[in-house]
Amino acid sequence: MALLDPVNSALRRVPAWPVYICALLYAGWLFWLGVTGGLGADPVKKLEHAYGEAGLYLLIAGLCVTPLRRFAGLNLMKFRRAIGLACFFFITVHLLTWAVLDVQRLDRVWADIVKRPYITVGMAGFVLLLPLAVTSNNWSVRRLGPLWTKLHKLVYPAAILGGVHYVMLVKGWQVRPLVFLAIVVFLVALRYVPRRRSRQAGTTRVARP
Amino acid sequence: MAYRWKNDLTDRDVTDEAVYLNRRQLLAGAAAGVGLAGIGSRATAAELEPTSWEDVTSYNNYYEFGTGKDDPAKYAHRLTVEPWSVQIDGLVDSPGSYAFEDIMAKMTVEERIYRFRCVEAWSMVVPWNGFELADLLEMAGVQSGAKYVAFETALRPDEMPGVARPVLDWPYVEGLRLDEAMHPLTIMATGIYGRDIPNQNGAPLRLVVPWKYGFKSIKSIVRITLTEDEPPTSWNKANPREYGFYSNVNPEVDHPRWSQASERVIGTGLFARRQDTLMFNGYADEVGALYAGMDLTKNF
């Protein structure tokens, strides 16, 4: 752990706000490419998928923060809120792209949510993320106390739903969505690795992959 | 016997090289074609604006080269298409291996501008060059017991990076009922826009059945077998609940995971409106009779 101390203290000087700026710039750049013909023959699908995928990457990044601290001693805790909110932002624009640019009609959007299992699953994941996004501020953390930690465990089922959503929407059994889902399940499973008896006995702990 | 079906558009509308390299000019050309052609009953030029060469040849589903839409354009150049031969066997009078050149020497190639509707709810318009499958089958001599035609795509692990993964049960196979195969709309395509068909589109010869979802139009065919029984088909084997043997374009029968009532038209941009999907992809007048009396929700 001492090995990463200089890294951790250097990270303490890095602000979290560039995460938001990068998320906005990336989303805006993709949209601009779509408008100007830079996303190829089917820009709606490409944009939809790119936003959704960015959301999944950020879900995974967010889920990595705690295990990295626990098993590797790397402290990225100060970036976790920004990662989470950026993730929520991408999943929201993913949803909007699907509803507004792809499906285009509110009645069909609703019909799809009710009738199509992969959309129901994706939508359920989004709904689970809503209270987390709303309570991602210092006031809520103080106000909710221990309940806040409990509430934010909703990100586990949400992430798994997101991974399942991806596996379900492709034709056939494709590798990439399955890898995404496997990573998400692995990261959630890490939460259930039993705690060591003594936190000080750091040198004797069993190495985890 | 070629030319059993006629487009209302002629090849003059599309084959000019300067035109097809630029879609906007092409649209203008097609619009001019309407004025010249005047009457057009079922396939008016207004409906059938051919998709640009670039989109037709860069946005493909050909899982042998990968599941991404741009994978075929990236990797299909590895496919050796010369020499090529097609095994024609089963219930035919003259079974055997037919060299591609020998087939082409006997066939009449014509242009067919068809709608192309993917099961994923997107569509294109493709100006194919090809010959009627019926002519090829007649060349081999269809025996009276034959009721179906089975097709098989080449399987070349050295040239096809996608087959290393069991996304589907390789080789890709498809099938048609004999009357569907003999229908004048059913062609074997060997070109697009008057050029040799690019590898990513199924070189050197592929099936095109315009009233069925795109995956029925099997690419890079190495074998055609006339059979008595309904042959297995790849997507049906992979997921029988989602993909039937017939797979006719039908806006009223949804895919279990998405609606088939409308489609995104490739090449129309980020803000384009969806287009309503037509029964039998707009070819109901020509092929509706083939399915008279059949329950299309069961025989999907």
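For the reader, a short list of remarks on this structure follows.
- For the range A:1-31, the set of residues classified as open to solvent by less than 50 Å² (accessible area, probe 1.4 Å) and not in a helix (DSSP H, G or I) consists of A:Ala16 only.
- Residues satisfying the stated conditions in the range A:120-144, i.e. exposed (fewer than 13 other Cβ atoms within 10 Å of the Cβ) and in a helix (DSSP H, G or I): A:Val127, A:Val134, A:Asn138, A:Trp139, A:Arg142, A:Arg143
- Only one of A:Leu161, A:Leu154, A:Leu147 that is surrounded by 17 or more Cβ atoms within 10 Å (Cβ to Cβ) and in a helix (DSSP H, G or I): A:Leu161
Okay, residues lined up against (1) open to solvent by 50 Å² or more (accessible area, probe 1.4 Å); (2) assigned to a strand (DSSP E or B); (3) modelled with pLDDT under 95:
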{"position": "B:Thr108", "(1), (2), (3)": "yes, no, no"}
{"position": "B:Arg112", "(1), (2), (3)": "no, yes, no"}
{"position": "B:Arg115", "(1), (2), (3)": "no, yes, no"}
{"position": "B:Met124", "(1), (2), (3)": "no, yes, no"}
{"position": "B:Ala146", "(1), (2), (3)": "no, no, no"}
{"position": "B:Gly162", "(1), (2), (3)": "no, no, no"}
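- Selected residue (criterion: nearest to the other protein chains (Cβ to nearest Cβ)) from residues of the range B:227-254 that are β-branched (Val, Ile, Thr) and under 17 Å from the mean Cα position of the chain (by Cα): B:Thr233
- Enumeration of residues in the range B:269-279 that are more than 20 Å from A:Asp112 (Cα to Cα), within 12 Å of chain A (Cβ to nearest Cβ) and buried (at least 18 other Cβ atoms within 10 Å of the Cβ): B:Leu270
- Note on the range A:167-190: among residues that are within 13 Å of another protein chain (Cβ to nearest Cβ) and assigned to a helix (DSSP H, G or I), the one that is most open to solvent (accessible area, probe 1.4 Å) is A:Arg176.
- Yes/no for A:Gly34 being crowded, with 18+ Cβ neighbours inside 10 Å and modelled with pLDDT under 95: no
- Residues located in the range A:97-107, provided they are within 13 Å of another protein chain (Cβ to nearest Cβ) and open to solvent by 50 Å² or more (accessible area, probe 1.4 Å): A:Val100, A:Arg105, A:Asp107
To keep it simple, each residue is scored yes or no on (1) in a helix (DSSP H, G or I); (2) open to solvent by less than 50 Å² (accessible area, probe 1.4 Å); (3) not hydrophobic (A, V, I, L, M, F, W, C).
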| position | (1), (2), (3) |
| --- | --- |
| B:Glu64 | yes, yes, yes |
| B:Ala73 | yes, yes, no |
| B:Trp128 | no, yes, no |
| B:Leu137 | yes, yes, no |
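- Some residue of the range B:221-232 being crowded, with 23+ Cβ neighbours inside 10 Å and either among the acidic types (Asp, Glu) or assigned to a loop (DSSP other than H, G, I, E, B) (or both): no
- Residue in the range A:37-45 that is assigned to a helix (DSSP H, G or I), within 14 Å of another protein chain (Cβ to nearest Cβ), within 30 Å of B:Ser58 (Cα to Cα) and touching a His at 6+ places or on another chain (Cβ under 8 Å) present: no
- Single residue of the range B:164-199 satisfying the filter (open to solvent by 20 Å² or more (accessible area, probe 1.4 Å) and acidic (Asp, Glu)) that is nearest to the other protein chains (Cβ to nearest Cβ): B:Asp169
- Residues that are open to solvent by less than 50 Å² (accessible area, probe 1.4 Å) and either under 23 Å from A:Asp102 (Cβ atoms) or touching a residue at least 24 places away in the same chain (Cβ under 8 Å) (or both), drawn from the range B:285-300: B:Glu286, B:Val287, B:Leu290, B:Tyr291, B:Leu296
- Among the numbered conditions (1) within 14 Å of another protein chain (Cβ to nearest Cβ); (2) open to solvent by 10 Å² or more (accessible area, probe 1.4 Å); (3) within 15 Å of the chain's Cα centre (by Cα), the only one that B:Val119 does not meet is (2).
- Test: residue in the range A:46-59 that is open to solvent by 20 Å² or more (accessible area, probe 1.4 Å), among the basic types (Lys, Arg) and in contact (Cβ under 8 Å) with a residue 40 or more places away in the chain: no
- Among the numbered conditions (1) of a type in the set (A, V, I, L, M, F, W, C); (2) surrounded by fewer than 20 Cβ atoms within 10 Å (Cβ to Cβ); (3) at pLDDT 95 or above, the only one that A:Leu63 does not meet is (2).
- Hey, B:Glu152 under 22 Å from B:Val209 (Cβ atoms), open to solvent by less than 50 Å² (accessible area, probe 1.4 Å) and more than 14 Å from chain A (Cβ to nearest Cβ) or not: no
Conditions (1) small (Gly, Ala, Ser); (2) in contact with a Phe, Trp or Tyr (Cβ under 7 Å, 6 or more places away or on another chain), marked per residue:
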| position | (1), (2) |
| --- | --- |
| A:Ala2 | yes, no |
| A:Pro18 | no, no |
| A:Cys22 | no, no |
| A:Leu25 | no, no |
| A:Asp42 | no, yes |
| A:Lys45 | no, no |
| A:Tyr51 | no, yes |
| A:Tyr57 | no, no |
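The values are calculated or read from the model by the stated rules, or taken from the named source; none is laboratory data. Since the model is a prediction, treat every value here as computed from it, not as a measurement. Here Cβ is always computed from backbone atoms with ideal geometry, including for glycine, and neighbour counts include all displayed protein chains. Ligands, DNA and RNA are excluded from the accessible area calculation, which covers all protein heavy atoms including side chains. Shrake-Rupley method; radii C 1.70, N 1.55, O 1.52, S 1.80 Å.
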